[in-house]
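Before any comments, here is the structure.
The values are calculated or read from the model by the stated rules, or taken from the named source; none is laboratory data. Model, not experiment: these values are computed from the prediction. Cβ placement follows ideal geometry from the backbone for every residue including glycine, while neighbour counts extend to all protein chains displayed. Surface areas here come from the heavy atoms of the whole protein model, side chains and all, with no ligands, DNA or RNA. Shrake-Rupley method; radii C 1.70, N 1.55, O 1.52, S 1.80 Å.
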Amino acid sequence: MTTTRFAPSPTGHIHIGNLRTALMNYLIARKAGGQFILRIDDTDPERSKEEYVDGIKRDLEWLGLHWDRVERQSERLDRYHAAADRLREMGRFYEAFETPTELDLKRKKQLNMGRPPVYDRAALALSEAERDSLRAERGAGVWRFKLDQQRIDWSDGILGEISIDAASVSDPVLIRGDGQVLYTLASVVDDTEMGITHVVRGSDHVTNTATQIQIIEALGGTVPAFAHHSLLTGPQGEALSKRLGTLSLKDLRAQGVVPMALLSLMARLGSSDPVELRTDMGALIEGFDLERFGSAPTKFDAEDLFPLTARYLAGLPLQAVADSIADAGVPDAQAAAFWSVTRENITTLGDLAGWWRLMSEGAEPQIDPDDADFVAEAMALLPEGPFDDSTWGAWTADVKQATGRKGRGLFMPLRKALTGQAQGPDMAALMPLLQVVRARG
Ligand code: GLU
């Protein structure tokens, strides 16, 4: 069965980059009628925080990316140690004692000589006695996986045919000196034992994939299908990494972006299919195709989320927004009329309150000096409220007759006087909702 996972480390909030990973894995599983696992990669006890686990779940729930099961790496440490023992027995695992400073020095020397900075495997040459004395002196070493120095090939779901020379990659450290199991090993054990069939992740993981393929093979597991999506950049192609903090889902949600806008954009951005607003998850799943994605960096502009949000909201029925309308202060009796007037004129639900304020308190009139006399004359003709559906038509007919103005020259100054803006709802529909007209003077 198609099984995918989203495997965040709970060291921060989900941002737009992780969302892409989560969404692609989710869509692959759902499209195939398979399983989607939320795996919490919490083997690092210092950096992992429960509040982030909760935050990740809240964000995924908000998005509607429901998981079938949660797994936590911190509860599976015995499995990772068992796998480590097997690698040790196979002679594919060795202890190394270099300090970070020594490794750094080695790297610098290699770079100076124009060589790739690959770990030189000096630890492999240590005798038992040398290891004992290093251990006595420095404490337990790190455990490295001994790569087979041949090419590692896979057919990547996005990048195409990939071939990496294992000799150009350092033997990865899988267990730290303090015994902490590192992601590379934990992930491989989980992917194998949980029957993960497809792994989609960022292209920063390509080298990891190469080493993980060898570890999976060493442990006798089945190598999943891998795909690496391109990195997201800002609208100008600039690196997004530093701004990702401000592109957390939490912040986008606070700005009023709706899940379907976010999902619709991210399910297509970077693919050859156009971005289309989808209003339900089924359509999003149906229209997703990993093969359409390309390897070029993907430009992301958070501003694109707002027109999509506006279009999504405009299509919602009253009951879907009733709470927000009530929160904006609109009495129930006027909710339906209010929504039909505002639905096409908001970007986010946060704009509702402004419209209600305009209707209930009156807008600061905008009157061009040239129109001042005209507006004053028109206001004198405006009937007392309450207004109804016919007020606008009847009033503007009277004003036309009295002043001789017509068309835009007639309507625009009146719109600006009543709403303080040059654009907005259909005036005939707006009039019955206006409680206060400040332009009356
Ligand atoms: N915890 C890893 C990360 O967040 C998971 C990578 C993977 O999908 O294997 O980068």
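I'd like to check something: does the range 63-71 contain any residue that is part of a helix (DSSP H, G or I) and of a type in the set (Asp, Glu)? Scanning the range 63-71 turns up no residue that is part of a helix (DSSP H, G or I) and of a type in the set (Asp, Glu).
So, of the residues in the range 1-20 that are of a type in the set (S, T, N, Q) and crowded, with 22+ Cβ neighbours inside 10 Å, which turns out to be farthest from the ligand (Cβ to nearest atom)? Among them, the one singled out is THR4. Among residues of the range 259-281 being part of a loop (DSSP other than H, G, I, E, B) and touching a Leu at 6+ places or on another chain (Cβ under 7 Å), the one that is nearest to GLU51 (Cα to Cα) is ALA267.
If only residues of the range 205-257 that are β-branched (Val, Ile, Thr) and assigned to a helix (DSSP H, G or I) are counted, the one that is farthest from the ligand (Cβ to nearest atom) is THR246. Just one of the numbered conditions (1) touching a Pro at 6+ places or on another chain (Cβ under 7 Å); (2) surrounded by fewer than 20 Cβ atoms within 10 Å (Cβ to Cβ) is not true of THR211: (2). Say whether the condition of being open to solvent by 50 Å² or more (accessible area, probe 1.4 Å) and within 29 Å of LEU433 (Cβ to Cβ) is met by at least one residue in the range 291-308. Scanning the range 291-308 turns up at least one residue that is open to solvent by 50 Å² or more (accessible area, probe 1.4 Å) and within 29 Å of LEU433 (Cβ to Cβ).
Counting the residues of the range 191-204 that are within 9 Å of the ligand (Cβ to nearest atom) and assigned to a helix (DSSP H, G or I) gives 2. Of all residues in the range 370-383, none satisfies being in a loop (DSSP other than H, G, I, E, B), free of Cβ contacts under 8 Å to residues at least 40 places away in the same chain and charged (D, E, K, R). Under 7 Å by Cβ, and 6 or more places apart or on different chains, what pairs join a residue from the range 7-23 that is closer than 15 Å to ASP41 by Cβ and touching a residue at least 24 places away in the same chain (Cβ under 8 Å) with one that is near the ligand (Cβ under 9 Å from one of its atoms) and of a type in the set (S, T, N, Q)? Listed pairs, sorted by first residue: ALA7/SER187; PRO8/ASN18.
With respect to the numbered conditions (1) open to solvent by 30 Å² or more (accessible area, probe 1.4 Å); (2) part of a helix (DSSP H, G or I); (3) touching a Leu at 6+ places or on another chain (Cβ under 8 Å), which one is the sole condition not fulfilled by ALA429? Result: ALA429 fails condition (3) only.
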